[in-house]
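Asker: Please find one structure pasted underneath; my questions will follow.
Read-outs: derived from the displayed coordinates by stated rules, not from any lab. The structure displayed is predicted, hence computed values, not measured ones. Using ideal geometry, Cβ is built from the backbone for each residue, glycine included, and neighbour counts are taken over all protein chains shown.
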Amino acid sequence: MSMALCMLSPFGLLLPIFLVFTIPTPATAIDKSAAPSPVATADDRFLWACCEACANTPVCYRSLLPSAGSFHGNRVKVARAATIIAFARLHGVYDKLRRIPLPGGTGPGKLTNQALKDCTTSASISLGTEGDSLATLQRLETATRRCIDDLISSMNRTAPSPVANKVVAWAVDVLVYGDIALDLVASIKS
């Protein structure tokens, strides 16, 4: 038994570690099926090149593809379009938040209700300052992350809430598109 462990020591223990860090996973692999085909237009290829600066390249590309012909090789227009999409997602979440009956509409209690009220207020404030500046996008990101953190924290202290779980999912969606917009803005600066 000890002979077998000696034979495995350096190589046998390092190989699994190496494989863990080198095999692409769904979280790290880029979905090349979303990439433009070889016969794609120059606009499509430009958009893909812009979206490669994003952590979520395929979602960036698919969400902006309908507007690809309007960018005319301008990265600022791409970032502005991504920002519009992020704020459109926030509008949708805000509309859904306003329809949640508070207080008591979520079931588990005051902490979750307060977190939901705070999410609604943060969304309202973010929409009131809607724009395509980097500072506005960062405020959107901060408010969304705070909403998610507050809801998860409240559910950790009380019973889980199906409504709060839905709101977290909605907020994560806003976060994905906000991250894309921020990544595109950052790529302009580099």
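Asker: At 7 Å along Cα-to-Cβ for each site, give me the label-to-label distance between H72 and N156 in nm.
Answerer: With each label point 7 Å from Cα toward Cβ, the separation is 5.0 nm.
Asker: Compute the distance in nm between two label points, each set 7 Å from the Cα along the Cα-to-Cβ direction, one at K110 and one at N165.
Answerer: 2.6 nm
Asker: Between L134 and R45, what length in nm is gained on full extension when 0.36 nm per residue of separation is reduced by their alpha carbon distance? Let's see the in-between values first.
Answerer: Values: separation 89, 0.36 × 89 = 32.04 nm, distance 2.53 nm.
Net length gain for the segment: 29.5 nm.
Asker: Here's another thing I want to ask about it. For the residues T57, T41, what sequence is obtained by ranking on other C-beta atoms within 10 Å, fewest first?
Answerer: On the way: T57 20, T41 12.
Going from sparsest to densest Cβ surroundings: T41, T57.
Asker: Show me the ranking of peptides 171-183, 136-148 by mean Cβ neighbours inside 10 Å, starting with the highest.
Answerer: 171-183, 136-148
Asker: Starting at the first residue of region 63-75, write each ³J(HN,Hα) from the Karplus equation 6.51 cos²θ - 1.76 cosθ + 1.60 with θ = phi - 60°, in whole Hz, x for Gly and Pro.
Answerer: 6, 9, 4, x, 9, 3, x, 9, 7, 6, x, 9, 5
Asker: Continuing with the same structure: Cut-off is 10 Å between beta-carbons; in what order do H72, H91 appear when sorted fewest neighbours first?
Answerer: Numbers: H72 8, H91 15.
Fewest-to-most ranking of H72, H91: H72, H91.
Asker: Rounded, prolate or oblate for region 38-189? Axes are the square roots of the Cα gyration tensor eigenvalues, ordered a ≥ b ≥ c, and the cut-off for rounded is a/c under 1.5. Working shown, then result.
Answerer: Working: a/c = 2.80, a/b = 2.43, b/c = 1.16.
Cα axes put region 38-189 in the prolate bin.
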